[in-house]
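K.L.:
Here it is, the structure in full.
The values are calculated or read from the model by the stated rules, or taken from the named source; none is laboratory data. Keep in mind it's a predicted model, so treat the numbers as computed, not measured. Here the Cβ is made from the backbone with ideal geometry for all residues, glycine too, and neighbour counts use every protein chain on show.
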């Protein structure tokens, strides 16, 4: 059975100082983190927050004044890629092979329903991995497909994941899995039990579903069990970073 990893992505109180909106019907907006490295040097293939504003306002939320300029669009669900560096890239190199999977979750803010105003932890995307390349080995014809290869001279430790389009994409509807409790973002105990738990590299199980942003994303302790749970949620994939609600 291939391995699976759980990665936190998107803006939040630490990266961007804002949480993207979601609704009780499980429609949502994916908003990437700021690209602090871009400055004024964005290339013709880079992305700015301007392209995300219409989707946020269409969902019924207002755009924060402080979030502007270049964004680090990663994962890029329209291109089915995900890049990373440092310890998070090392995790991919150690645990991910073709056929493995990566689950993306984000901390978003409910716009309506009984929990309006609170933060929810939700699965927003899923990649069945086709292959992984060092960013420096990505060819010129594919370099536009990921934030880590759009500019010249990616670093040695950077990697890019390419997903299988048949089993990958952004979810049309987010899947709530937890909330902020006990001083951290955590997976609900009932859901964690259905997954067969999460573990660290050492094999030690995560304490109380702790999934706060960090350099060492958790590993699914029982990948097959998680996949059975995931498919019971009837996920629908879109190869786009955002969709208009109802479309």
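K.L.:
Regarding region 129-144, can at least one residue be identified that is at pLDDT 95 or above, under 25 Å from residue 29 (Cα atoms) and in contact with a strand residue (DSSP E or B) (Cβ under 9 Å, 6 or more places away or on another chain)?
P.N.:
Yes, some residue in region 129-144 is at pLDDT 95 or above, under 25 Å from residue 29 (Cα atoms) and in contact with a strand residue (DSSP E or B) (Cβ under 9 Å, 6 or more places away or on another chain).
K.L.:
Follow-up question, since we're still on this one. Among the strands (runs of 3 or more DSSP E) lying completely within region 8-118, list those that include at least 2 residues that are over 25 Å from residue 244 (Cβ atoms).
P.N.:
Where strands (runs of 3 or more DSSP E) fall fully within region 8-118 and carry at least 2 residues being over 25 Å from residue 244 (Cβ atoms), they are 81-84, 101-110.
K.L.:
Test residue 109 against the criterion of being at pLDDT 95 or above, surrounded by fewer than 21 Cβ atoms within 10 Å (Cβ to Cβ) and over 17 Å from the mean Cα position of the chain (by Cα), and give yes or no. Spell out how you get there, then give the answer.
P.N.:
Working: at pLDDT 95 or above: yes; surrounded by fewer than 21 Cβ atoms within 10 Å (Cβ to Cβ): yes; over 17 Å from the mean Cα position of the chain (by Cα): no.
It is false that residue 109 is at pLDDT 95 or above, surrounded by fewer than 21 Cβ atoms within 10 Å (Cβ to Cβ) and over 17 Å from the mean Cα position of the chain (by Cα).
K.L.:
Considering every residue within region 77-85, establish whether at least one is at pLDDT 95 or above and more than 19 Å from the chain's Cα centre (by Cα).
P.N.:
Within region 77-85, not a single residue is at pLDDT 95 or above and more than 19 Å from the chain's Cα centre (by Cα).
K.L.:
Another question, if that's okay. Name every residue in region 46-69 that is surrounded by 13 or more Cβ atoms within 10 Å (Cβ to Cβ), over 19 Å from residue 14 (Cα atoms) and over 20 Å from the mean Cα position of the chain (by Cα), in order of residue number.
P.N.:
54, 57, 58, 61
K.L.:
Quick check on this structure: which one of 150, 186, 199 is farther than 26 Å from residue 242 by Cα and at pLDDT below 95?
P.N.:
On the way: 150 fails: farther than 26 Å from residue 242 by Cα; 186 fails: farther than 26 Å from residue 242 by Cα.
Criteria check complete, one pass: 199.
K.L.:
For region 133-153, how many residues are crowded, with 20+ Cβ neighbours inside 10 Å and in contact (Cβ under 8 Å) with a residue 24 or more places away in the chain? Reasoning before the result, please.
P.N.:
In the first step, residues of region 133-153 are kept if they are crowded, with 20+ Cβ neighbours inside 10 Å; the result is 135, 138, 146-150.
Checking which are in contact (Cβ under 8 Å) with a residue 24 or more places away in the chain leaves us with 135, 146-150.
Total meeting the criteria: 6.
K.L.:
Is region 223-234 home to any residue that is in a loop (DSSP other than H, G, I, E, B), on the phi < 0 side of the Ramachandran plot and surrounded by 15 or more Cβ atoms within 10 Å (Cβ to Cβ)?
P.N.:
So in region 223-234, the residues in a loop (DSSP other than H, G, I, E, B) come out as 233-234.
Remaining after also requiring on the phi < 0 side of the Ramachandran plot: 233.
Add one more test, that the residue is surrounded by 15 or more Cβ atoms within 10 Å (Cβ to Cβ), and what stays is none.
No, because not a single residue in region 223-234 is in a loop (DSSP other than H, G, I, E, B), on the phi < 0 side of the Ramachandran plot and surrounded by 15 or more Cβ atoms within 10 Å (Cβ to Cβ).
K.L.:
Name the single residue, out of those in region 206-218 being without any contact (Cβ under 8 Å) to a residue 60 or more places away in the chain and surrounded by 15 or more Cβ atoms within 10 Å (Cβ to Cβ), that is farthest from residue 59 (Cα to Cα).
P.N.:
206
K.L.:
Condition first: touching a residue at least 24 places away in the same chain (Cβ under 8 Å), outside any strand (DSSP E or B), at negative phi and touching a helix residue (DSSP H, G or I) at 6+ places or on another chain (Cβ under 9 Å). Now tell me which residues in region 155-199 satisfy that.
P.N.:
Answer for region 155-199, where residues must be touching a residue at least 24 places away in the same chain (Cβ under 8 Å), outside any strand (DSSP E or B), at negative phi and touching a helix residue (DSSP H, G or I) at 6+ places or on another chain (Cβ under 9 Å): 155, 157, 158, 191, 194, 195.
K.L.:
So for region 168-180 (the condition being exposed (fewer than 15 other Cβ atoms within 10 Å of the Cβ) and touching a strand residue (DSSP E or B) at 6+ places or on another chain (Cβ under 9 Å)), does at least one residue qualify?
P.N.:
Start the filter on region 168-180 by keeping residues that are exposed (fewer than 15 other Cβ atoms within 10 Å of the Cβ), which leaves none.
Scanning region 168-180 turns up no residue that is exposed (fewer than 15 other Cβ atoms within 10 Å of the Cβ) and touching a strand residue (DSSP E or B) at 6+ places or on another chain (Cβ under 9 Å).
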